[in-house]
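First up is the structure itself, then whatever we jot down about it.
The values are calculated or read from the model by the stated rules, or taken from the named source; none is laboratory data. Because the structure is predicted, anything quoted here is derived from the model rather than measured. All Cβ positions, even for glycine, are placed from backbone atoms using ideal geometry, and neighbour counts span all protein chains on display. Just so you know, the surface numbers come from the protein's heavy atoms only, side chains and all, with ligands and any DNA or RNA stripped out. Shrake-Rupley method; radii C 1.70, N 1.55, O 1.52, S 1.80 Å.
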Amino acid sequence: MTSLAAPSERLDAAAWAGASEELVTTLRDLIRIPSINPPTVDAPNAELDAAQLIAGLLAAAGLEPEVVEPELGRGSVHVRLRGDGTGGEPLLLLSHLDVVPAPAARWTHEPFAGDIADGYVYGRGAVDMKAMIAMELAVVRLLAAETRAAGLDPARDAVPGLRRDVLFTCTADEEAGGLAGARWVAENRPGWVRAAGALNECGGVSMTVAGRRFYPIQVAEKGFAAYRIAIRGTWGHGSMPRDDNAAVLAAAVIERLAVPGRVRLTPVMARFLDLVAAELPPEVGPILSGLAGDDPGRAEAALATACDPMVARAVRALLRDTISPDVVHAGVKYNVIPGDAIVEVDCRVLPGSSEPAMRAELVERLGPELAAACEIELMVYGAPVESPAEGELYDLLVATIRDHDPDGIPVPVMAPFATDAKHTDAVGTPTYGFSPLRLEPDERFLERFHGVDERVSIDALRWGLPVLYDVVRRFCG
């Protein structure tokens, strides 16, 4: 495969420059639509607006997109490019168009302005995940243009050289579980997401460790279980403190749940650590073996020695089930002892774990006395997902990264968070995190997700576009 000329080499520099410029323009236009989830009073239809913007670009390319709105203002969009039908099931390009809120106070650029500064596009969604939408759209528009150049109709005729169909599906509501987005699509438009394989967010992005450039390709993701813990204390006067103050009990709940859990090394992470260790300098690689042991102190020392703090946080989360207390409510007045409190926790579970096991872990950590004062309610659950780290599509992702960056080292990895892969998995579509970007070694990419000053490098987008194009052309050709 790698001995053949890359499909992207058929296009000249001017064509790639034009496609890259369109990509950046599309990204900025998408960022300017504040498609916040949950929708805001100021922009209740923003997800639908984003879907219609995308549909307009696809229609201008000669295609016939379809927009659905299962709930008011919650839009998703889909289009199909045709192959000649001899290559098997389609390839799905998957993305989501909603974003999390972005309070502007600590940003240096307006979150929804789409500013360009110092070679970066700034704005909520630049990383998660409107850059991938723009990149996928650019590939689809290139394929449609090539079809038109051959005198064919891209809405009905096969794209020259393609044997498989290409599906582009961009959905609402991923940031809240996808009930009004990918899940609805999987249940009501399964043909939009049923494919031989899918490319999604959160993988194929370079990460530099000890001078070596790795490209983690997401083949698995943790499941999630969110719980609301209602804590019962006794109401009273603040002048007479008591042990069953619900706020004090809530503090104890948080303290006990926030302690890191036991290490459990999954096959995906074992392979990841082995491959990374084999490529690192001799003084660093062996240290990673400490992560697989039962000694938490040794594992923490290994992370501190071998990894940047940003990378260490991600790896730490991928070696155990995690519990993060994130919302606390207690009290009505400074001189009233609260009799009730609420703590909401975000639990992320490894493959092999289950919701009942996670609930049992919560009860065990609380201990009998504190657990007796608590009522634990499951708010939402999504199971872990895994796809094969081998086979035609995965092997192609690895080979294409190596073609475009001979010094790059592709490795399989698990994501600590959830994506719409949970819904494509339900219809039997293996889904891979692959939004290829080659970053500067000091770029704090993982911290950009849901963070302040979210941004993406324009040079990284220019590098990633032909990578994604080559994957699509090779897998479908």
(request) Please compute the Cα-Cα pair-distance distribution of the range 420-477 with 5 Å bins starting at 0, giving whole percents from short to long. (result) 4, 15, 16, 19, 19, 16, 9, 2, 0
(request) Would you work out if the range 139-233 is rounded, prolate or oblate? Take a ≥ b ≥ c from the square roots of the eigenvalues of the alpha-carbon gyration tensor; rounded if a/c is under 1.5, else prolate when a/b is larger than b/c, oblate otherwise. (result) oblate
(request) For the range 347-476, state what percent of all Cα-Cα pairs lands in each successive 5 Å bin, counting from 0 Å until the bin that includes the largest distance. (result) 2, 8, 13, 15, 16, 14, 11, 7, 6, 4, 3, 1, 0
(request) Only helical DSSP H runs with n ≥ 4 go in: add -39500 (n - 2.57) per run for the chain, normalise by residue count and round the 222 nm mean residue ellipticity to 500 deg cm²/dmol. (result) -11000 deg cm²/dmol
(request) Might you tell me the accessible area per residue for the chain, computed with a 1.4 Å probe and given in Å²? (result) 41
(request) Using +1 at the Cβ of each Lys and Arg and -1 at the Cβ of each Asp and Glu in the chain, identify which of 121, 53, 77 lies farthest towards the dipole's positive end. (result) 77
(request) Quote the charge dipole size of the range 364-477 about the Cα centre in Debye, to the nearest 20; the model charges only the Cβ of Lys and Arg (+1) and of Asp and Glu (-1). (result) 380
(request) Quote the relative contact order of the range 413-477 in percent (integer), defining contacts as alpha-carbon pairs under 8 Å separated by 6+ residues. (result) 33
(message) Using each residue's phi in the range 118-133, evaluate 6.51 cos²θ - 1.76 cosθ + 1.60 at θ = phi - 60° and report the 3J(HN,Hα) Karplus result to the nearest Hz, with x for Gly and Pro.
(response) 6, x, 10, 9, 9, x, 5, x, 4, 9, 10, 9, 6, 5, 5, 4
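With a sphere of radius 11 Å drawn around the Cβ of residue 84, what net charge do the other residues whose Cβ falls strictly inside it have (Lys, Arg +1; Asp, Glu -1)?
+1
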(request) Quantify how much of the Cα-Cα distance distribution of the range 107-179 extends past 18 Å, in percent. (result) 57
(message) Just to confirm my numbers, what's the Cα centroid distance between the range 46-108 and the range 113-145 in Å?
(response) 13
(request) Ignoring everything but the protein chains, give the 1.4 Å probe accessible area of residue 398 in square angstrom, nearest 10. (result) 20
(request) Would you mind counting up the charge near residue 329? Only other residues with Cβ under 11 Å from its Cβ, with Lys and Arg at +1 and Asp and Glu at -1. (result) -1
(message) What distance in nm separates the two pseudo spin-label positions at residue 71 and residue 234, each 7 Å out from Cα along the beta-carbon direction?
(response) 4.2
(request) Treating only the Cβ atoms of Lys and Arg (+1) and Asp and Glu (-1) as charged, compute the dipole magnitude of the chain about its Cα centre; round to the nearest 20 debye. (result) 280
(request) Once you have a ≥ b ≥ c as the square roots of the Cα gyration tensor eigenvalues for the range 382-452, tell me rounded if a/c is under 1.5, and otherwise prolate or oblate according to whether a/b is larger than b/c. (result) oblate
(request) Consider a paramagnetic label point 7 Å from the Cα of residue 188 along Cα→Cβ; state which residues of the range 139-181 have an amide N under 16 Å from it. (result) 170-174, 178-181
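Which percent, nearest 5, of DSSP beta bridges in the chain are antiparallel? Could you put the intermediate results ahead of the total?
Values: 48 of 71 bridges.
That works out to approximately 70 percent antiparallel.
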(message) Give the lysines reachable from residue 422 as a straight Cα distance under 28 Å; neighbours fewer than 8 places away on the same chain don't count.
(response) 130, 222
(request) Starting at the first residue of the range 395-404, write each ³J(HN,Hα) from the Karplus equation 6.51 cos²θ - 1.76 cosθ + 1.60 with θ = phi - 60°, in whole Hz, x for Gly and Pro. (result) 4, 5, 4, 4, 5, 6, 4, 5, 4, 8
(request) Would you mind calculating the relative contact order of the range 345-440 from Cα pairs under 8 angstrom and at least 6 residues apart, reporting the percent as a whole number? (result) 29
(message) Using only the heavy atoms of the protein chains and a 1.4 Å probe, how would 168, 449 rank by accessible area, largest first?
(response) 449, 168
(request) Please tell me the relative contact order of the chain in percent, rounded to the nearest whole number, where contacts are Cα pairs under 8 Å and at least six residues apart. (result) 24
(request) Place a +1 charge on the Cβ of each Lys and Arg in the range 1-60 and a -1 charge on the Cβ of each Asp and Glu, then give the dipole magnitude about the Cα centre in debye, rounded to the nearest 20. (result) 80
(message) I'd like to know which of 138, 216, 354 lies farthest towards the positive end of the charge dipole of the chain, counting +1 on Cβ of Lys and Arg and -1 on Cβ of Asp and Glu.
(response) 354
